[in-house]
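Remarks on the structure that follows.
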Amino acid sequence: MATSQQPDGQSGTIFSAETYFATQPPPPSLEQDVARVKDFLQRQLKDGRKVVLVTSGGTTVPLELNVVRFLDNFSAGTRGATSAEYFLKAGYAVIFMHRQFSLQPFSRHYSHSTHPFLDFLEIEESSPKSSTSGPSSRINVRPSEEPHLLEVLSTYKAVQRAGTLLTLNFVTVNDYLWLLRAVSQEMSLLGRHCLYYLAAAVSDFFLPRQKMSVHKIQSGKGSLHIEMDQVPKILKPLVAEWTREGFIVSFKLETDPDLLIPKACQALARYGHQVVIGNDLHRRKFEVVFVSPKASAESKPSGYEESWLRIDLNKNPQKEIEEDIVAELVGRHERWIRDAIVTVRT
Ligand code: PAZ
């Protein structure tokens, strides 16, 4: 562990991933989750499917051991849940690692806040004569809702029958880090046939267990000062140790548009993975940028290239940008697998 003075004047402890996992406890459900992942991967391997890990939603940072208060972020999990559906459609098996209660593939279409399911059901009262026995009313789906529901439901049932979707959940940033490490170590078994799509909004700061108050933080002493430590840069061991051959896509969210490209390039230079998808908080539903190393003859990249993807929501309000993001990545992943075969042959 190192103590640092950061450029913005903050000080704090910098945990390496190694120190982090040696000092912070795993979530109680980890072993059980890993067993489910192993079983899932064995089945996909047998069926020759590519597997994508989609991370989705925000992480919390609890302030107390008996948690009353925590730090959270805005992410609803729309990007992850929507993308997971398009990956399934493209023939991938999906490990969907999401924040508990955030949006999930398929059920996201009937979210309680945007499209509550009770609103598209109707009660059909039967006439008193015909109700001699059994329930006197039936529930029907509103006809205008039926075609969409039928489409969503039949895809959902087909995915269930095929066994191609595994759902895992996390709440805190600690749960997330432990789970990500365990899942990616298991996935490395698939070599280049696995893709990582890291769309979760992960806190950059956390409060180590050793510094947390056991009980609810009491008021009455004026303002509250909490010094948080920096979450270890988990992409580094993910790329270099846990899953050497996977195709890794991370996301970068910014609110200052001038930072988007420099920050994406910085991440690629630091971690050496394949793609950073940059998005601006307010434009993320219709515009993203793919930043990736420029192809070069040597193994070192010769700079980075950006490619913008935009959709016109005025012309097509139903369009989801995730459809195009996933299509682009499926193509890139295919080339990544092909390139390895060519390299081995030549
Ligand atoms: O969950 P959502 O659809 O509301 O938002 C998606 C997102 C902006 C969290 C995602 O696209 C993203 O950029 N994730 C990485 C955030 C970051 O840690 O920089």
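The values are calculated or read from the model by the stated rules, or taken from the named source; none is laboratory data. Predicted, not measured: the structure shown is a model, and the values here were computed from it. Note that we place each Cβ from the backbone using ideal geometry, even for glycine, and neighbour counts take in every protein chain shown. Ligands, DNA and RNA are excluded from the accessible area calculation, which covers all protein heavy atoms including side chains. Shrake-Rupley method; radii C 1.70, N 1.55, O 1.52, S 1.80 Å.
Taking the conditions (1) at pLDDT 95 or above; (2) open to solvent by 70 Å² or more (accessible area, probe 1.4 Å); (3) not in a loop (DSSP other than H, G, I, E, B) in turn, HIS215 satisfies each one other than (3). Among the residues of this structure, ALA240 counts as one that is small (Gly, Ala, Ser) and open to solvent by less than 80 Å² (accessible area, probe 1.4 Å).
Can you spot a residue in the range 25-43 that is assigned to a helix (DSSP H, G or I), modelled with pLDDT of 95 or more, closer than 19 Å to TYR156 by Cα and within 16 Å of the ligand (Cβ to nearest atom)? No, there is no match, as no residue in the range 25-43 is assigned to a helix (DSSP H, G or I), modelled with pLDDT of 95 or more, closer than 19 Å to TYR156 by Cα and within 16 Å of the ligand (Cβ to nearest atom). Taken over the range 54-70, the criterion of being of a type outside the set (Val, Ile, Thr), within 14 Å of the ligand (Cβ to nearest atom) and assigned to a strand (DSSP E or B) is satisfied by SER56, GLY58. State the number of residues belonging to the range 176-200 that are part of a helix (DSSP H, G or I) and in contact with a strand residue (DSSP E or B) (Cβ under 8 Å, 6 or more places away or on another chain). So the count comes out to 10. Looking at SER83, is it at pLDDT 95 or above, open to solvent by less than 10 Å² (accessible area, probe 1.4 Å) and within 15 Å of the ligand (Cβ to nearest atom)? Here the answer is yes, as SER83 does meet what is asked. Contact annotation: residue pairs with Cβ atoms under 7 Å, 6 or more positions apart or on different chains, pairing a residue in the range 272-285 that is of a type in the set (Lys, Arg) with a partner that is more than 9 Å from the ligand (Cβ to nearest atom) and not in a loop (DSSP other than H, G, I, E, B), are LYS285/ILE321.
Please report, ordered by residue number, the strands (runs of 3 or more DSSP E) entirely within the range 235-346 with at least 3 residues that are within 14 Å of the ligand (Cβ to nearest atom).
Values: elements: 247-254, 275-280, 287-293, 304-310.
Counting at least 3 such residues, we get 247-254, 275-280, 287-293.
In this structure, VAL239 does not qualify as within 19 Å of PHE87 (Cα to Cα) and within 20 Å of the chain's Cα centre (by Cα).
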